[in-house]
Amino acid sequence: MKEEVASLRGREAFPTFYSRLDAAKEYHQKHPNLPVKHHPAVQEEAEPRLSFSGEEVWGKYLDLQALHMEFYSMPQTPKWDYQMYLEKFADFSAVPSGKKNAAWAR
C-alpha cells in the first residue's frame with residue numbers, strides 16, 4: 001500500500017494512475033466472468049471499533065474505574081477511594097512546575 005501511494009505522487013501521478021487503470025480494464029475485458037470479491041467498504045474499515053462500558057453512554061462520559069483499580073494496586077500510591085481519585089485525577093496544580101515542559105503542553 002505504501003509503495004502504491006508513493007508511486008502516485010509527484011509528476012508521474014497521473015501517468016501511473018492511468019496506466020494502472022488501463023491495465024485493470026484490459027484484465028477485466030480478458031476475464032469478464034470472474035466472480036467479484038466483495039471486500040468491506042473503505043468507509044466501514046475507517047470506522048473505529050470502540051466499545052464503551054454502560055457508564056460511558058456511548059462515549060458521552062469517561063469511565064475511569066479500571067484506571068482507578070490499576071492506580072490503587074500500585075504499591076507506592078495513596079489508597080484513595082474512587083471519589084477522591086476523581087477529584088485528584090485532574091488536579092494539575094499539584095504537579096511541580098519543574099516537571100512541566102514542552103511535552104506537557106501537548
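Derivation of every value follows stated rules applied to the coordinates shown; laboratory data play no part. Since we're looking at a predicted model, the values are computed, not measured. Reconstructed Cβ throughout: ideal geometry from the backbone, glycine too, with neighbour counts over all protein chains shown.
Structural remarks
- Karplus 3J(HN,Hα) series, Hz, for region 57-63 with 6.51 cos²θ - 1.76 cosθ + 1.60 (x for Gly, Pro): 6, 6, x, 6, 10, 10, 8
- Span-rule helices in the chain, defined as complete DSSP H runs reaching 30 Å or more along the axis (Cα) with Kyte mean at least 1.0: none
- Taking each residue as 0.36 nm, the span from GLU12 to GLU55 lengthens on full extension beyond its C-alpha to C-alpha distance by 10.3 nm.
- Mean-square fluctuations from a GNM of the chain, with a 10 angstrom spring cutoff on Cα atoms, peak among GLU70, GLU12, GLU47 at GLU12.
- Tally of Lys pairs whose C-alpha atoms are under 26 Å apart, taken over the chain, 8 or more apart or cross-chain: 9
- Simple Cβ-charge dipole of the chain, Lys/Arg +1 and Asp/Glu -1, about Cα centre, in debye nearest 20: 480
- The Cα atoms of region 1-50 give a gyration tensor whose axes a ≥ b ≥ c have a/c of 1.5 or more with a/b no greater than b/c, which makes the shape oblate.
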